Amino acid sequence: MQKQLYRIGAGYSGECNVDSYIERTQFPHSMKIFTDVHLCNSPKFTFQIDTLILTEQYILIIEVKNLKDSVQFIPNPPHLVQILETGDEVVLDCPVYQIESNKSNLDEWLRQRGIHLKTLGLLVLANPNTKVIDTPNDFPIIYKKQIPFYLQKLRPAENILTVNQIQELAKQIHAEQQQFNPFPLCSYYHISPNDLRKGLLCRDCHGQLQQKNRETWYCQRCSKKAEDPYNDGIRDWFMLVKNSMTSSECRSFLNLKDGNAARYIISKSNLIKKGQSTATFYISGSKLNRP
């Protein structure tokens, strides 16, 4: 899970970096650019697009990958192997397959709105030092610095959309954007909460914390101090396990001595109380942000 969260953070950083290169490209006035698009083809199916560009000549899906060292494309079955300088290998989903799937999903989303056309796809590597092995011959893959040149050359002869259609599509995309929420992460990544370490943990090395005095804790492993481990632990619960917490769940997850300790800690937090008596539970009073 920690590795996956790191990839999410690196990917988001790469997307922001690539967006800055797209902004340097000269487009027609009618062009629309959307980032981090989440659309729905059915009540239970949502697809995500890093960057979506609407112009009169084409609709382009851009997938951004922020990968270091070397990557190798394996065609059958489709996947990507990241080869690190240490010699370690990491198997990743094939980005070309992801784009082709998103093209089909977006084509269907457009078809449901009376627009029958095929979208285009582009894979952009955010890290200019990424070495690519066995690149697919039939799919465009470029580095971020090449984006302005590539987009300026991408000028099909015929228009497929009118200015009015672009404006109407832009309104529909804004109106139908789905809120992406991966929390709690155990459900999102299919991890059992029973596999999580319990108690108060160091934010630096994840060692077990010991209480030094009433207000200060220290890590047995790295000796660093922690001043508010209870709120860190509660935040971990909402991020990882569930969007509500009971007093008994707080006691178990933080390894507290009794129910009174759990109720005291909850009373000092920003949690909002719901229910009464034995049905009492608490929800978070603040929105969880991407780590």
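Which whole-number percent gives the relative contact order of the chain, counting Cα pairs below 8 Å spaced six or more residues apart?
15
Can you compute the charge dipole magnitude of region 152-291 about its Cα centre, using +1 on each Lys and Arg Cβ and -1 on each Asp and Glu Cβ, nothing else charged? Give it in debye, rounded to the nearest 20.
Value, rounded to 20: 460 debye.
Using the charge dipole of region 48-132 (Lys, Arg: +1 at Cβ; Asp, Glu: -1 at Cβ; taken about the Cα centre), state which of V64, G87, L120 has its Cα farthest towards the positive end.
L120
Exactly which GluC sites (Glu not before Pro) in region 183-291 are in a DSSP loop and have at most 11 other Cβ atoms within 10 Å?
Qualifying residues, ordered by number: E215, E227.
Under the classification rounded if a/c is under 1.5, otherwise prolate if a/b is larger than b/c and oblate if not, where does region 16-86 fall, given a ≥ b ≥ c as square roots of the Cα gyration tensor eigenvalues?
oblate
List the residues of region 21-43 whose backbone N lies under 13 Å from a point placed 7 Å from the Cα of Q177 along the Cα-to-Cβ direction.
What the label zone holds, given the 13 Å backbone N cut-off, is 33-39.
Dipole size in debye (nearest 20) for region 225-291 around its Cα centre, Lys and Arg Cβ +1, Asp and Glu Cβ -1?
180
What residues have an amide H closer than 5 Å to that of L200, excluding those fewer than 5 places away on the same chain, when H is modeled at 1.01 Å from N in the peptide plane?
L209
Roughly what % of Cα-Cα distances in the chain sit above 35 Å, to the whole percent?
37
For region 135-195, what does the alpha-carbon gyration tensor say about shape, rounded, prolate or oblate, given a ≥ b ≥ c as the root eigenvalues, a/c under 1.5 as rounded, and a/b over b/c as prolate?
Oblate, since a/c reaches 1.5 and b/c is not below a/b.
For region 68-173, with the dipole built from +1 on Lys and Arg beta-carbon atoms and -1 on Asp and Glu ones, taken about the Cα centre, which of N164, Y150, N76 lies farthest toward the positive end?
Value computed over the given set: N164.
Could you point to the residue in Y264, P184, S247 farthest towards the positive end of the chain's charge dipole, with +1 and -1 charges on the Cβ of Lys/Arg and Asp/Glu respectively?
Sorting the options by dipole projection puts first Y264.
Using per-residue counts of other Cβ atoms within 10 Å, averaged over each peptide, order 78-88, 55-65, 273-283, 231-241 from highest down.
The packing order, highest mean first, is 55-65, 231-241, 78-88, 273-283.
Hey, what do the phi angles of region 192-200 turn into as Karplus ³J(HN,Hα) couplings, whole Hz, using 6.51/-1.76/1.60 and θ = phi - 60°, x for Gly and Pro?
Karplus-based 3J(HN,Hα) across region 192-200 equals 6, x, 5, 7, 7, 6, 9, x, 8 Hz.
Assign unit charges at the C-beta atoms only (+1 for Lys and Arg, -1 for Asp and Glu), then state the dipole size of the chain relative to its Cα centre in Debye, rounded to the nearest 20.
So the dipole magnitude of the chain works out to roughly 1200 debye.
Packing-wise, with mean Cβ within 10 Å as the measure, how do 94-104, 33-43 rank, highest first?
Listed from highest to lowest mean packing, they are 94-104, 33-43.
Count the net charge of all other residues whose Cβ sits under 14 Å from the Cβ of Q26, scoring Lys and Arg as +1 and Asp and Glu as -1.
+2
Work out from phi, with θ = phi - 60° and the Karplus expression 6.51 cos²θ - 1.76 cosθ + 1.60, the ³J(HN,Hα) of each residue of region 82-87, listed in order in whole Hz, and give x for Gly and Pro.
Values per residue, Gly and Pro as x: 8, 10, 7, 4, 6, x Hz.
Whole-Hz ³J(HN,Hα) for each residue in region 201-207, computed from phi via Karplus 6.51 cos²θ - 1.76 cosθ + 1.60 with θ = phi - 60°, x for glycine and proline: what do you get?
Residue by residue, region 201-207 yields 10, 5, 6, 8, 10, 6, x Hz.
No lab work stands behind these numbers, since they all come straight from the coordinates. These numbers come from a predicted model, not from an experiment. As a convention, Cβ positions derive from the backbone with ideal geometry for all residues, glycine included, and neighbour counts pool all protein chains shown.
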